[in-house]
């Protein structure tokens, strides 16, 4: 990993926490949360969150559906604004995770290379949650794990414009705050909630899928990794915490496969399909799900479905 990337990730992990602690004295004497801030936070969380879950993950990484190229680029921009890395880095890291899930080579498994006992478990969870971001983030080779994106000129432009989208991620909530309140102060509190706090919360929700959803939770399918479903993360993660389901059927556009497994990202993809903005949406028939249920067959457990490596 390049030194600049390492320290950028360190700043992204610890910077928001340090700033928020420093703002505690200000918060005691001033109103730092108004209705306008809630609007800005919600708008930014939706844009950046769906940019990650629908854009980076289900569209670009797994090709769970197809859409028009401009929409694909918009999703890549929204994902970049989440400040979790450029699209080629994010996609390559995640495809590598699926190729080596909970085995040597997985960028963020809580189980690989750790000693037994409570200490080893805590170190593994720390690595899977944030430690990997300055040790392994962005190290998966684009030409191997994201060849389709690296051969797409528009996607390369978006990827290498990542610093600009970091600035946009701050400018947009500031501008929304000013537009709603008509004051610079409203812009600054909009930046606080729609920029800093939004980034902090969304990042930790995403990282929890790497850590919590490979350690705690429920399983029902025969897969070789240790992925789990975690119900209480479903709403803030837009359905990404049905992670065990996802590892059983990586290309499925829907991760919440059960009746009560809420998956707002899948709902959004369904909306795009109804608007004729998405097609070839990958769905898993109930019969295929039943075939992969734990205990439904004798012999060794089948591996998760292979990852696609689409060409541009």
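The values are calculated or read from the model by the stated rules, or taken from the named source; none is laboratory data. Treat the numbers as computed from the prediction; the structure is a model and nothing was measured. Methodologically, a virtual Cβ is constructed for each residue, glycine included, from the backbone with ideal geometry; neighbour enumeration extends over all protein chains shown.
Numbers for the structure displayed
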| read-out | value |
| --- | --- |
| Of all residues in the range 183-194 being surrounded by fewer than 20 Cβ atoms within 10 Å (Cβ to Cβ) and assigned to a helix (DSSP H, G or I), the one that is modelled with the highest pLDDT | 184 |
| Single condition residue 160 does not satisfy, out of (1) touching a helix residue (DSSP H, G or I) at 6+ places or on another chain (Cβ under 6 Å); (2) touching a residue at least 24 places away in the same chain (Cβ under 8 Å); (3) closer than 23 Å to residue 80 by Cβ | (1) |
| Single residue of 180, 197, 284 found to be in a helix (DSSP H, G or I), out of contact with any helix residue (DSSP H, G or I) (no Cβ under 6 Å at 6 or more places or on another chain), in contact (Cβ under 8 Å) with a residue 12 or more places away in the chain and over 23 Å from residue 110 (Cβ atoms) | 197 |
| Residue list for the range 200-217, restricted to those being in a loop (DSSP other than H, G, I, E, B) and at negative phi | 215, 216 |
| Qualifying residue in the range 62-71 (condition: in contact with a strand residue (DSSP E or B) (Cβ under 9 Å, 6 or more places away or on another chain), assigned to a helix (DSSP H, G or I) and surrounded by fewer than 22 Cβ atoms within 10 Å (Cβ to Cβ)) | yes |
| Qualifying residue in the range 222-233 (condition: free of Cβ contacts under 8 Å to residues at least 60 places away in the same chain and within 22 Å of residue 72 (Cβ to Cβ)) | no |
| Matching residues, the range 140-177, being under 30 Å from residue 215 (Cα atoms) and either assigned to a helix (DSSP H, G or I) or within 17 Å of the chain's Cα centre (by Cα) (or both) | 140, 142, 144, 145, 146 |
| Matching residues in the range 248-281 - criterion: being assigned to a loop (DSSP other than H, G, I, E, B), exposed (fewer than 12 other Cβ atoms within 10 Å of the Cβ) and either touching a strand residue (DSSP E or B) at 6+ places or on another chain (Cβ under 9 Å) or at pLDDT below 95 (or both) | 259, 260, 280 |
| Contacts under 8 angstrom Cβ, first residue in the range 1-22 being more than 17 Å from residue 191 (Cβ to Cβ), partner at pLDDT below 75, 6 or more apart | none |
| Every residue from the range 87-119 that is at pLDDT below 90 and either part of a helix (DSSP H, G or I) or in contact with a strand residue (DSSP E or B) (Cβ under 9 Å, 6 or more places away or on another chain) (or both) | 117, 118, 119 |
| Count of the range 128-144 residues which are surrounded by 20 or more Cβ atoms within 10 Å (Cβ to Cβ) and free of Cβ contacts under 8 Å to residues at least 60 places away in the same chain | 1 |
| Filtered residue count, the range 72-83, keeping only those that are crowded, with 24+ Cβ neighbours inside 10 Å and in a loop (DSSP other than H, G, I, E, B) | 1 |
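Listed here are the residues, each with its yes/no results for (1) surrounded by 22 or more Cβ atoms within 10 Å (Cβ to Cβ); (2) within 27 Å of residue 15 (Cβ to Cβ).
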| residue | (1), (2) |
| --- | --- |
| 90 | yes, yes |
| 105 | no, no |
| 110 | yes, yes |
| 119 | no, no |
| 153 | no, no |
| 163 | no, yes |
